[in-house]
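> Can you keep this structure in mind? I'll have questions shortly.
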Amino acid sequence: MNYMKSAPLKQSRTGHALSVALEFLFPSGCQVCATPLRGAPTPWFCGPCWAVEADHRVCFQCGDFLASETVTRVPEWRCGACMRAAPPFARARVLGGYDGLYGHAVRLLKYREKTSLANYLAGRIRPRAYPDGFWDVDLVMPVPLHPSRLRERGFNQSARLAAAVGRRMGLPVAGHLLERTVATASQVGLKRRERLRNVARAFAVCDTDSVAGKSVLLVDDVITTGATLSACARALMRAGAVRVNAWAVARQTAL
Ligand SMILES: [Zn+2]
Ligand SMILES: [Zn+2]
């Protein structure tokens, strides 16, 4: 089943309790390789799968993965898209690609409400692997869900991640300064241009005084085209933020 193409089923409370009980009685194996999880470092992934390190050469600005033949001896190499039109955020980085470990992690977090996984993921951040100044931020902010979507899902996976990242890095988290004012249609299956149009004016800062002059780290679960991050970053910059960086668990190549 492709999680990204089908709307997640909304589980009833009884259904959720039942699946929790079943998982306790019959623990499933590693979400990547199905190995039994006895002694594993996480409740979802075995040691070897969890230990895998992403090794991508990335665009210095948007963090997009660069093709292996791209010359990257230049330390601040930027991809073609960033050279043509620099995004409104200064730096974006992810833990790794959506294929494999991090895609599984995002789906567990988002569709199966394994929210404690956020702490495990934040624990994987190795600050020194990030560009200078990446963590010099005043506020960590999640990419918000529209209130109607939040009611439907019951939680915002990006808010859980932002809280975990804030704790991990010792940074204050501001969960309610950025709002999603337009309930945009799902981005799944949309092309980059359509995504940009879809979210362009979907975000607003509700308390500009708290954002003015601040350096902000936006947190999301997945970066696909960067359209959502760009829209959030623009809203923050309009409100007077001095700089916006972004962090996400995974990067998914656009369709
Ligand atoms: Zn495994
Ligand atoms: Zn780039």
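> Pick out the one residue from GLU179, GLU194 that is acidic (Asp, Glu), free of Cβ contacts under 8 Å to residues at least 12 places away in the same chain and open to solvent by 10 Å² or more (accessible area, probe 1.4 Å).
Only one candidate passes the filter, namely GLU194.
> Now for a different question. Sort out which residues of region 81-109 are open to solvent by 40 Å² or more (accessible area, probe 1.4 Å) and either without any contact (Cβ under 8 Å) to a residue 40 or more places away in the chain or more than 16 Å from ligand 1 (Cβ to nearest atom) (or both), and write them in order of number. Outline the logic, then answer.
Taking region 81-109 as the starting set, the residues that turn out to be open to solvent by 40 Å² or more (accessible area, probe 1.4 Å) are 81, 83-86, 91, 99, 104, 107.
The answer is ALA81, MET83, ARG84, ALA85, ALA86, ARG91, ASP99.
> Suppose we filter TRP50, TRP77 for residues that are of a type outside the set (A, V, I, L, M) and more than 16 Å from ligand 2 (Cβ to nearest atom); which single one remains?
Of TRP50, TRP77, the one residue that is of a type outside the set (A, V, I, L, M) and more than 16 Å from ligand 2 (Cβ to nearest atom) is TRP50.
> Those residues that are touching a residue at least 40 places away in the same chain (Cβ under 8 Å) and surrounded by fewer than 24 Cβ atoms within 10 Å (Cβ to Cβ), I need them from region 238-253; list them, please.
ARG243, GLN252, THR253
> Taking the condition of being under 14 Å from THR253 (Cβ atoms) and outside any helix (DSSP H, G or I), how many residues in region 90-111 meet it?
Number of matching residues: 6.
The values are calculated or read from the model by the stated rules, or taken from the named source; none is laboratory data. Source: prediction; values computed, not measured. Ideal geometry is used to build each Cβ from the backbone, glycine not excepted, and the neighbour counts take in all protein chains shown. Surface accessibility is based on the protein's heavy atoms, side chains included, excluding ligands, DNA and RNA. Shrake-Rupley method; radii C 1.70, N 1.55, O 1.52, S 1.80 Å.
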